[in-house]
Amino acid sequence: MAKSIKKEDSSIEQLVLDTKDLEILQLLQKNARITVKEISDQMHLSTTPIHERIKRMEASGVIKQYATLLDHTKVKKGLMVICYVSLKEHNKKAGVKFIETIHSLHEVIECYNISGEFDFMLKVVSEDMNAYYDFHVNKLSQIENMGHVQSVFVIGIIKQTHQLVFPVSGK
């Protein structure tokens, strides 16, 4: 269904990344607050080419944004739930409407269009079971065209990262 809802523009020329670009990306993923000077010191390059490479990767969309990752349990969002969702109707209009609604729900922190038995997988955080119940009954289940929802409660996080790893020569 994702292909019918939103197609990637293949006419955009993809930026070719060299090993220096990948090394910069690795450093930025580890610490988004690292300065251009600190990167240049670690890579033994001057600041100007580092700055230009970062700006080029930002402009091309390789670097989408910089973020602060929070410990959800320390900000009163202690319950994490994975919701598998099926829609009743599978057409472009229904899919777009569902996606627009999901964007408005602050409890949903990630949403993936998936293959298989379900159409979407949502990552939902809430304060506790009562708050999730309220979200499920009064928001999620009320979405137009909602078919089936299966909730899976996360009891422990084994690995959680947003870092992509690239083979960088010489490392």
Problem - Subset of the range 75-96 that is assigned to a helix (DSSP H, G or I) and either modelled with pLDDT of 95 or more or among the hydrophobic types (A, V, I, L, M, F, W, C) (or both) - its residue that is nearest to Asn113 (Cα to Cα) - result: Val96
Handout entry: Which numbered condition Thr101 misses (of (1) in a strand (DSSP E or B); (2) buried (at least 17 other Cβ atoms within 10 Å of the Cβ))
Key = (1)
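Would you mind stating whether Thr73 is under 30 Å from Lys20 (Cβ atoms) and free of Cβ contacts under 8 Å to residues at least 40 places away in the same chain?
On the way: under 30 Å from Lys20 (Cβ atoms): no; free of Cβ contacts under 8 Å to residues at least 40 places away in the same chain: yes.
Answer is no for this residue.
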Practice task
Could you please let me know if Glu58 is at pLDDT 95 or above, charged (D, E, K, R) and exposed (fewer than 13 other Cβ atoms within 10 Å of the Cβ)?
Solution key: no
Exercise for the section: Please work out which one of (1) assigned by TED's automatic domain parsing to the domain that holds Leu27; (2) out of contact with any helix residue (DSSP H, G or I) (no Cβ under 9 Å at 6 or more places or on another chain); (3) assigned to a loop (DSSP other than H, G, I, E, B) is the condition Gly116 fails and give its number. Expected result: (1)
Exercise for the section: For residues that are within 27 Å of Glu100 (Cβ to Cβ) and small (Gly, Ala, Ser), scanning just the range 146-168, find the one that is modelled with the highest pLDDT. Expected result: Ser151
Handout entry: Considering residues of the range 87-140 that are hydroxyl-bearing (Ser, Thr, Tyr) and within 30 Å of Thr73 (Cβ to Cβ) only, the residue farthest from the chain's Cα centre (by Cα)
Key = Tyr133
Fill in the blank from the handout: Within the range 126-166, the count of residues that are in a loop (DSSP other than H, G, I, E, B) and in contact (Cβ under 8 Å) with a residue 24 or more places away in the chain comes to 13
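The values are calculated or read from the model by the stated rules, or taken from the named source; none is laboratory data. Given the structure is predicted, the values throughout are model-derived calculations rather than measurements. Every residue, glycine as well, gets a Cβ built from its backbone with ideal geometry; the counts of neighbours run over all protein chains shown.
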